[in-house]
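One structure is given below, encoded as structure tokens.
A short reminder: the numbers here are calculations on the coordinates, not readings from a lab. Remember, predicted model here, so these are calculated numbers, not experimental data. FYI the Cβ positions are ideal-geometry reconstructions off the backbone, even for glycines, and counts take in every protein chain you see.
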Amino acid sequence: MTASLNVRDLRAYYGQVQALHGLNFSLEEGSVTTLLGANGAGKTTTLRAICNMVRTTGTIEFDGKPITHMSTEHIVKLGIAQVPQGRGTFTRMNVEENLQLGAITRGDKAGIASDIERMYALFPVLKQRRTQQAGLLSGGEQQMLAVARALMLRPRVLLLDEPSFGLAPLVVRDVFKVLEQINRDDKVTILVVEQNAQLALELADQAYVIETGEIVQSGPAAEIASNEDIRKSYLGY
Amino acid sequence: MELFTNQVLSGIATGAIYACMALAVVMIYEAIDHLNFAQGEMAMFSTFAAWQFMQWGIPYWGAFVLSVVLSFAAGIAIERALFRPLGHASVLVQIAGFIALFAIINSVAGLIWDFTIKPFPTPFGSTPLLGGVISSHQAGMIAVTILLLGFLYVFFSFTRVGLAMRAAATMPESAKLVGVNVGWMIALGWGLAAAIGAIAGIMIAPVIFLEPNMMGGVLLYGFVGAVLGGLSSPAGAVAGGFIVGVLENLAGTYIPGVGNELKLPIALAMIIAVLVFKPNGLFGRVQVQRV
């Protein structure tokens with residue numbers, strides 16, 4: 001297996017405060033990786049660091065090429081999509097415009113149109129809401145829209161920040177089912193950050209546990225899930 | 001009744017110009033959260049440029065297009081050279097930047113073209129229409145504005161660049177995460193605002209004459225229109241501009257003692273009234289902030 005995204009000695013800073021203390025991890029091509037940890041452990045910062053939205057040192061390689069100092073929009077154009085914390089919905093635009101924006105870097109009009117139809121097939125509720133202002137959607141619908149918008153890039157790597165946050169359990173199931181499907185069918189490499197460890201470990205192949213900006217445990221998701229010590233100390237279930 | 005119709009229609013004509021200025025102001029406000037105090041001076045300079053082209057023998061519409069295109073480029077250049085480096089500076093620094101830009105453009109225009117008042121031609125003539133309630137130039141102002149607004153509506157609603165510009169202005173972080181080059185979109189917004197200002201200046205110049213301080217009052221009314229309609233709503237700002245134009249004329253005509261001299265205080269009183277009673281304007285969104 002080859003690494004799609006390779007992160008070495010990643011440190012991140014908010015002003016004087018250091019939030020990440022030298023992370024090392026890699027995402028295998030076509031796999032699902034999860035990054036687990038408590039509030040404030042540095043999960044969101046890690047995702048922001050990959051897209052160069054926070055000051056960082058260290059190296060991040062995508063397909064063997066360094067992307068550490070590229071602009072966010074350039075990194076996105078390479079095929080790294082992110083569903084950010086708070087979902088990043090374009091609240092004043094309608095659902096379809098949100099999907100169009102997801103594909104704003106692409107030039108193939110026909111492909112974009114067919115991908116929009118594909119998103120409506122994956123998330124039928126979005127089709128019903130296509131002309132509604134996105135800010136008026138429910139939390140679950142906005143989360144689906146955020147995932148759909150990220151997929152409109154036809155990404156090679158998909159980064160998700162707590163896709164289960166604030167959602168009803170049934171909706172969470174739906175969203176995770178779609179993630180599993182696009183990983184299987186489209187071979188999209190996924191990195192999912194979660195507080196809901198149990199759920200994330202079911203989906204993931206590989207897991208990392210992060211605490212105060214450092215990786216404290218890592219291994220195949222099944223092993224992490226079955227290790228009672230790790231579960232009790234870090235994952236809280 | 002004829003006086004009333006006349007005042008309303010000429011109010012709509014000047015209101016069209018206020019609407020353009022209000023729209024230019026809102027476009028920049030949406031992107032950087034500050035009012036561009038130099039918007040009027042930029043428009044004045046564009047109008048002088050058009051006048052200069054005509055002095056050099058270029059026909060009216062040629063000078064018009066040339067001035068609008070150059071203003072577009074100059075707007076982008078000003079953003080790149082001046083306001084991009086100030087991007088992370090404090091509010092006061094940014095305001096100082098706007099005021100500096102205002103003073104520089106004003107004095108440079110005075111230096112090149114001096115401060116005497118110059119007549120400015122109109123391609124629409126000044127024949128009375130509809131039995132004298134509106135002049136052909138006023139009708140032309142309204143028509144040009146409607147064409148411009150229609151173009152902008154189509155551009156922002158149905159083109160990908162328009163969509164990306166709206167995304168960049170309203171949700172810059174999210175826009176970056178879908179691959180929009182936010183910096184360039186904001187520069188493009190400055191270019192468009194400058195081009196809109198140029199059109200407004202060229203259209204109003206035959207009415208108020210050409211001189212370096214010509215846009216002071218116009219921009220003020222534009223601000224009133226923008227605040228009235230809501231600084232967060234481009235369509236509201238346009239509506240606000242028209243409303244201000246009509247109210248200004250009606251107040252000057254029907255309220256005894258207002259006349260021409262007290263129109264400006266009325267505009268300022270409207271800003272204060274809106275800010276006190278309806279701070280988000282008639283069409284603006286209520287600003288909600290999570291703590």
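Things to note:
- Cβ-derived FRET efficiency at R0 41 Å, residue A:11 paired with residue B:156, nearest 0.05: 0.50
- Net charge, residue A:113 excluded, C-beta distance under 12 Å - Lys, Arg +1, Asp, Glu -1: -1
- Positive minus negative residues near residue B:31 (Lys, Arg vs Asp, Glu; Cβ under 12 Å): -1
- Other residues lying with their Cβ under 14 Å from the Cβ of residue A:12 contribute a combined charge of +3, Lys and Arg counting +1, Asp and Glu -1.
- The order of B:151, B:72, B:277, going from fewest to most other C-beta atoms within 10 Å of their C-beta, is B:277, B:151, B:72.
- Alpha carbon convex hull of the range B:183-275, volume per residue in cubic angstrom: 112
- Its alpha carbons give the protein assembly as shown an Rg and a Dmax of 27.7, 91 Å.
- Since only A:199, A:67, A:105 are under comparison, the one whose Cα sits farthest along the positive direction of the charge dipole of chain A, derived from C-beta charges on Lys, Arg, Asp and Glu, is A:105.
- In loop segments of the range B:204-249 as defined by DSSP, the chymotrypsin sites (Phe, Trp or Tyr not before Pro) with at most 13 further C-beta atoms inside 10 Å of their C-beta are B:209.
- For chain B, dividing the convex hull volume of the Cα atoms by the residue count gives 144 Å³ per residue.
- Prolate/oblate/rounded call for the range A:1-149, Cα gyration tensor, a/c under 1.5 rounded: prolate
- From helices alone, chain B scores -24500 deg cm²/dmol at 222 nm; the rule is -39500 (n - 2.57) for each run of n ≥ 4 DSSP H residues, then divide by the residue total.
- Using only side-chain charges placed at the Cβ, +1 for Lys and Arg and -1 for Asp and Glu, the dipole size of chain B relative to its Cα centre rounds to 660 debye.
- DSSP H segments from chain A that extend 24 Å or more along their own axis, Cα-based, with Kyte-Doolittle mean of -0.5 or above: A:169-186
- Residue-averaged [θ]222 nm for chain A, counting only DSSP H segments that reach four residues, each worth -39500 (n - 2.57): -10500 deg cm²/dmol
- Between B:193, B:269, B:109, the residue with the greatest mean-square fluctuation in the GNM of chain B (Cα pairs under 10 Å linked by springs) is B:269.
- Exposure proxy shown here: for B:93, A:216, B:238, the number of other Cβ atoms within 10 Å sets the order, fewest to most, as B:93, A:216, B:238.
- Rounded, prolate or oblate (a/c below 1.5 giving rounded, otherwise prolate when a/b exceeds b/c) for the range A:73-142 by Cα gyration tensor: oblate
- For residue B:282, distant residues with modelled amide H under 5 Å away: B:229, B:230
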